[in-house]
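Colleague: I am attaching a structure below and will ask some questions about it afterwards.
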Amino acid sequence: MSSKLRFGLTGSANIGQTYNIGAGPQETRSVRHMVEEILLLMKAPERLRWFDRASRSRRDPPYLVCDPTKAHVELGWRPRVPLPESLARTLKWCQAAAVEEMPSCTG
């Protein structure tokens, strides 16, 4: 972790600041694509992976794009892990955290 990022996470000047952490416009994915990727990683049943485009609200954006420029300029942060790998790591972390919180559910 860069010293700028470490300071940015703990420095008083950065309290209350918001930083977009993501790959930026070059890695644009639709919201639908992201949900489908996560469900595949979770080995979700096929019925959960089916989406009806007509059921999507007209207010829902088809794409969400992150602009990590502020995080790069102020904290020195750049994405280093490809999206599929970062989704897999995040899912693994969430699953481990859920097991720690609910040990009685592990089996």
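Colleague: Mind checking which helices (runs of 4 or more DSSP H) fall wholly inside the chain and carry at least 2 residues that are surrounded by fewer than 13 Cβ atoms within 10 Å (Cβ to Cβ), modelled with pLDDT under 85 and out of contact with any helix residue (DSSP H, G or I) (no Cβ under 9 Å at 6 or more places or on another chain)?
Modeller: It comes to 3-10, 83-101.
Colleague: Pull out all pairs, ordered by first then second residue, where Cβ-Cβ is under 9 Å, the residues are six or more apart or on different chains, the first lies in the range 13-35 and is within 21 Å of GLU74 (Cα to Cα) and among the polar types (S, T, N, Q), and the second is modelled with pLDDT under 80 and part of a helix (DSSP H, G or I).
Modeller: So the pair list comes out as ASN14/PHE7; ASN14/GLY8; GLN17/GLY8.
The values are calculated or read from the model by the stated rules, or taken from the named source; none is laboratory data. Since the model is a prediction, treat every value here as computed from it, not as a measurement. Note: ideal-geometry Cβ built from the backbone for every residue, glycine included; neighbour counts use all protein chains shown.
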